1. What residue, of D135, D140, D172, D201, is of a type outside the set (A, V, I, L, M, F, W, C), assigned by TED's automatic domain parsing to the domain that holds L227 and modelled with pLDDT under 95?
2. Among the residues that make up segment 210-218, is at least one of them more than 16 Å from the chain's Cα centre (by Cα), under 20 Å from S96 (Cα atoms) and of a type in the set (A, V, I, L, M)?
3. Against the condition closer than 27 Å to V35 by Cα, among the basic types (K, R) and without any contact (Cβ under 8 Å) to a residue 60 or more places away in the chain, how does R254 come out, does it pass?
4. Mind checking which residues of segment 40-79 are loosely packed, with under 15 Cβ neighbours inside 10 Å and in a loop (DSSP other than H, G, I, E, B)?
5. Kindly evaluate A109 against the criterion of being on the phi < 0 side of the Ramachandran plot, hydrophobic (A, V, I, L, M, F, W, C) and surrounded by fewer than 16 Cβ atoms within 10 Å (Cβ to Cβ).
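The values are calculated or read from the model by the stated rules, or taken from the named source; none is laboratory data. Remember, it's a predicted structure, so these values are computed and weren't measured experimentally. Here the Cβ positions follow ideal geometry from the backbone for every residue, glycine too, while neighbour counts run over all protein chains shown.
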Amino acid sequence: MANLTRDFFIALSNNEFLNASAKKWGFRLGAEQFVGGVDVEGTITTVKKLNEKGISCTVDNLGEFVTMKSESTEAKNKILSLIEKIHEEQVDCHISVKLTQLGLDIDEAFCIENMREIVDTANKYNIFINIDTEDYLHYDQTMRVLYLLLQDYSNIGTVIQSYFYHAEEDMDKLSNVRLRIVKGAYKESPNVAYQTKEEIDANFLKLAKKRLLGNAFTSIATHDHELINELKRFAQAENIDKTTFEFQMLYGFRTDMQEALAEEGYLFCTYVPFGHDWYGYFMRRLAERPQNINLIIKDQLYTGDNKLKTTPKVVATAAVTAAVISWICARRKK
C-alpha cells in the first residue's frame, strides 16, 4: 500500500503537463501549508517568524530540471537576491540549492559558473550553501561539482541519502564537511538503492550515529519521531554536544514537534521552500510520507475550531484525495 502510494505521487511529480498547469492553479491543492512564500520578501517574513521561536531556516528556491539558460540565470539571480536579503535583515538562515535548476542539464561548466557566483557571494556574508542531492542520474555530476567548489570554499556542503547503497562510503569521504542526512525522495532502482522502509531507516540511523561521533556539523533531517527519539538517546548516552548537530524538518510538517525540539534545547532548522514552481516538490513530500494527505485534508476541510470550511479549495482537495484513493484501490485489485 505504502509503495503504491509513493509510486503514484512520484509519477505525478515527474509529469510535465501537471507541473506546467500547477503554476496556473496556484496553491489550490493546499500547497501553501508547505511553501514559505512566492517571493523573497514573503519568504523572509516566514523566516523571521520561525526565528522568533528559536528555529533557524534553510531556504530553497523551488524549481529543478531546467533546460534553458535564461531560466537558470533567473534562478541564480533570485538566489543572489535572497542572500543579500538574508544579510540585510540579519536573519538566521542559509540557502539550499539544486544544481539542475542552475544549469546542470544544460552545461556543467555553466552550472559551475552559476554556483561559484552564489557560493562566493554567500561566503562574503558567512552564509552556508547546501547542495541538495537529486536523483541518481545526477548524483556523480553533483559530487563532481561539490568537490570542485570545496577546493576554494568552506561554506558549502551537501546531502547524503540513506537509501543509496554507497551512502556511507560517500559520507566518509566528506567527514570534514557539513552534511544533511536524509532518507531520499526519488524512485530509484534496486540496483543502487534500498527499497523498503526498514532498510532505509536502519541505514539512516547508522549514518546519523556515525556522523554524531565525528567532527563535522550534521543536520539530521526526518519527521519520524521514533528515529528522532533514538538519536536523542544515542546523543545523550555518548555525551554528544548539542551544538554539533541539528534536527531538520520541512516547513509545514509536524510544527508542534519542531517547536518542542527547539524548546528542549536542540538546534533546529526548518527547510523553507518558496516560489511558484511548487508542484514537483509538493508531490514528492506526499510520496515520502502519505500521511501528509491527512494533514492537507484536515487543514483544508476544517477551521481551527473544527468547523467545516465551504471554500472551493475544499472541493479541490477532496476531489484529488478521492482520485488518489480510487487509484490505490484499483491497483490493489490487480
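1. D135
2. Yes, because at least one residue in segment 210-218 is more than 16 Å from the chain's Cα centre (by Cα), under 20 Å from S96 (Cα atoms) and of a type in the set (A, V, I, L, M).
3. When the stated conditions are applied, R254 passes them.
4. The answer is E52, K53, T67, M68.
5. So A109 passes the test.
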